[in-house]
Amino acid sequence: THEKNYLCIKLLCGAEKVVVSKLKRVSNGAGIGRGGKASVLKSLTMRLLYVVALAVSCSLCPVWTQSSSSCSGAFDFIFVVDSSLSLADHYKDSVVPFVEDVANHFVNPDFRLSIITFDEYVHLHLPLTPTQDREAIKEGIESMRNVAHGIGTDLPAAIDEALTQISNKSDSVKVVLVVTDGLWTGNIFRGVVELKKLGVLRFIVAIGNVDEEEFLQFVDSLDQTFIGNDFLYLQQIIDMVIERTCVEVTSIQPSQYCQDRNATDLQLKGRGFTINLNRNRAQCRFQTDNGPIVTRPVGEITKYNMTCEDPGINKTGTYVIQITLDGVTYVTSSVRLVVADCKVPGGGGGGGKVDAGLAVGLLFAIIGLILLILLCCFWIFFPLICCVSHSLPHSLPPSLPLSLFLSHSPSLPICEWPLLCIPPLSPFFSLTYCCLVCIIVSKLLFQVGLCTYTH
């Protein structure tokens with residue numbers, strides 16, 4: 001499910017406050033001269049356009065308002081949590097809710113979760129379990145909540161249990177997150193070496209006065225650590241933990257691949273593409289349930305974008321997309337690649353079809369552009385169309401010049417502008433203003449149309 005985007009709501013509310021404030025100034029007229037009122041009305045019109053555009057964007061395209069902290073990647077995540085007596089006072093109120101909140105941000109049904117706690121003993125509360133099994137995960141968290149606190153901190157044994165969960169299970173990306181408040185007993189070197197061989201991503205969350213140098217025995221750099229002074233810190237870093245541990249593919253372009261098309265590289269968008277990256281071994285993999293696996297090398301890679309070389313798939317169907325950043329472990333995406341026969345019937349086997357999403361987007365843009373042009377024309381020529389003219393006298397006194405009469409006569413044409421319209425400006429400024437508005441809103445409508453079709 002898509003969550004409300006706090007930023008989107010904040011922008012809407014802020015824009016609304018500005019519009020209401022300016023409406024009050026216009027209606028009261030306090031401290032606003034004739035020219036000032038025109039300026040306020042002009043600014044108000046732009047604010048109203050902004051509010052409408054933002055509201056349409058947020059309502060028609062829910063994927064834009066998805067929480068940035070949720071993760072749709074499918075991989076294995078193992079919590080290794082210190083349950084010693086030193087954490088007893090904050091364990092149920094801070095540590096357990098932290099584990100539960102982080103787990104809830106992983107939304108792929110194939111994402112697997114495991115929970116291990118350690119003191120002088122190691123307790124497995126939840127073996128690797130898909131998040132779609134909500135009942136099992138609920139029971140595992142409840143078991144973790146009720147664990148008895150011991151006096152030791154046997155992290156090496158806990159790492160061995162994590163290795164038992166990881167080994168020979170799958171080739172999915174694996175993350176081990178240790179939550180502790182200090183030092184541990186025993187030597188973790190052997191276990192860490194095994195984790196590295198399996199390509200496991202390792203992170204530490206620590207509370208209190210801790211030894212950062214000791215943490216480097218477990219992680220590769222301090223960028224993989226989260227260190228706070230008190231347990232309130234746990235609720236402040238949830239989004240940071242998701243951002244640093246999440247590897248996901250959120251979209252692919254083109255989403256439909258034509259089997260007879262010339263070589264076409266695929267553009268993947270998502271995040272976490274530079275986590276544990278080995279550029280020489282990074283690959284994209286495409287597979288169906290009963291078909292062959294197609295593997296292709298990766299071109300350009302950034303944190304949020306990845307280019308996969310043309311897969312050259314000749315069999316139609318829907319393909320699962322997987323990526324590996326280290327050549328050892330893979331992340332499965334919820335995004336699918338559709339391979340279709342794009343030949344035009346009777347067309348001799350050539351050509352392709354126009355992307356439907358692009359056509360819908362262009363249709364939205366064209367219709368909106370036509371309406372905007374009509375609106376701008378009405379705005380520019382409003383004085384000629386909508387002025388309320390009072391008839392001039394049939395005869396004028398011969399001694400009174402016509403210009404003097406027009407400058408003082410109450411029978412002048414009166415232009416009654418609507419409240420939200422902008423007073424007449426110079427023709428050059430009016431046309432420039434209208435063109436800019438048309439370009440901006442047409443682009444917005446194109447994106448809304450394309451997004452509405454796609455989602």
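The values are calculated or read from the model by the stated rules, or taken from the named source; none is laboratory data. Just so it is clear, the model here is predicted, and its values are computed rather than measured. Every residue, glycine among them, receives a Cβ derived from its backbone with ideal geometry; neighbour counts consider all protein chains shown. Just the protein is used for accessible areas: all its heavy atoms, side chains included, with ligands, DNA and RNA removed. Shrake-Rupley method; radii C 1.70, N 1.55, O 1.52, S 1.80 Å.
Key figures
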{"read-out": "Residues located in the range 196-244, provided they are part of a helix (DSSP H, G or I), of a type in the set (A, V, I, L, M, F, W, C) and open to solvent by 10 Å² or more (accessible area, probe 1.4 Å)", "value": "L222, I238, M240"}
{"read-out": "The range 307-318, subset in a strand (DSSP E or B) and in contact with a Gly (Cβ under 8 Å, 6 or more places away or on another chain), residue modelled with the lowest pLDDT", "value": "G317"}
{"read-out": "Filter pass, F189 being modelled with pLDDT of 90 or more and either in contact with a His (Cβ under 9 Å, 6 or more places away or on another chain) or open to solvent by less than 10 Å² (accessible area, probe 1.4 Å) (or both)", "value": "no"}
{"read-out": "Counted residues, the range 278-306 - those being surrounded by 15 or more Cβ atoms within 10 Å (Cβ to Cβ), assigned to a loop (DSSP other than H, G, I, E, B) and of a type outside the set (V, I, T)", "value": "1"}
{"read-out": "Failed item, numbered, when C342 is tested on (1) in contact with a Cys (Cβ under 6 Å, 6 or more places away or on another chain); (2) open to solvent by 50 Å² or more (accessible area, probe 1.4 Å)", "value": "(2)"}
{"read-out": "Contacts under 7 angstrom Cβ, first residue in the range 119-137 being in contact (Cβ under 8 Å) with a residue 40 or more places away in the chain, partner outside any strand (DSSP E or B) and open to solvent by 60 Å² or more (accessible area, probe 1.4 Å), 6 or more apart", "value": "L128/K169"}
{"read-out": "Qualifying residue in the range 147-162 (condition: surrounded by fewer than 18 Cβ atoms within 10 Å (Cβ to Cβ) and under 35 Å from the mean Cα position of the chain (by Cα))", "value": "no"}
{"read-out": "Tabulated pairs, the range 304-327, first touching a residue at least 60 places away in the same chain (Cβ under 8 Å) and within 15 Å of P254 (Cβ to Cβ), second open to solvent by less than 60 Å² (accessible area, probe 1.4 Å) and of a type outside the set (S, T, Y), C-beta under 8 angstrom, 6+ apart or interchain", "value": "I321/V249; I321/I252; I321/L268; I321/C284; I321/R285; I321/F286; I321/V335; I321/L337"}
{"read-out": "Residue selected from the range 286-300 under the condition touching a Phe, Trp or Tyr at 6+ places or on another chain (Cβ under 9 Å) and of a type in the set (S, T, N, Q), by the criterion modelled with the highest pLDDT", "value": "T295"}
{"read-out": "Single condition L87 does not satisfy, out of (1) buried (at least 20 other Cβ atoms within 10 Å of the Cβ); (2) within 22 Å of T245 (Cα to Cα); (3) not acidic (D, E)", "value": "(2)"}
{"read-out": "Candidates F231, F273, F215, filtered to the one that is under 30 Å from A103 (Cβ atoms), of a type in the set (F, W, Y) and free of Cβ contacts under 8 Å to residues at least 24 places away in the same chain", "value": "F215"}
{"read-out": "Residue in the range 175-185 that is over 20 Å from T129 (Cα atoms), among the aliphatic types (A, V, I, L, M), open to solvent by less than 60 Å² (accessible area, probe 1.4 Å) and free of Cβ contacts under 8 Å to residues at least 40 places away in the same chain present", "value": "no"}
{"read-out": "Flag if D239 is of a type in the set (D, E), free of Cβ contacts under 8 Å to residues at least 40 places away in the same chain and under 22 Å from A74 (Cβ atoms)", "value": "no"}
{"read-out": "Residue in the range 287-304 that is nearest to S333 (Cα to Cα), counting only those that are within 23 Å of the chain's Cα centre (by Cα) and among the hydroxyl-bearing types (S, T, Y)", "value": "Y304"}
{"read-out": "Verdict on R261 being at pLDDT 90 or above and surrounded by fewer than 17 Cβ atoms within 10 Å (Cβ to Cβ)", "value": "no"}
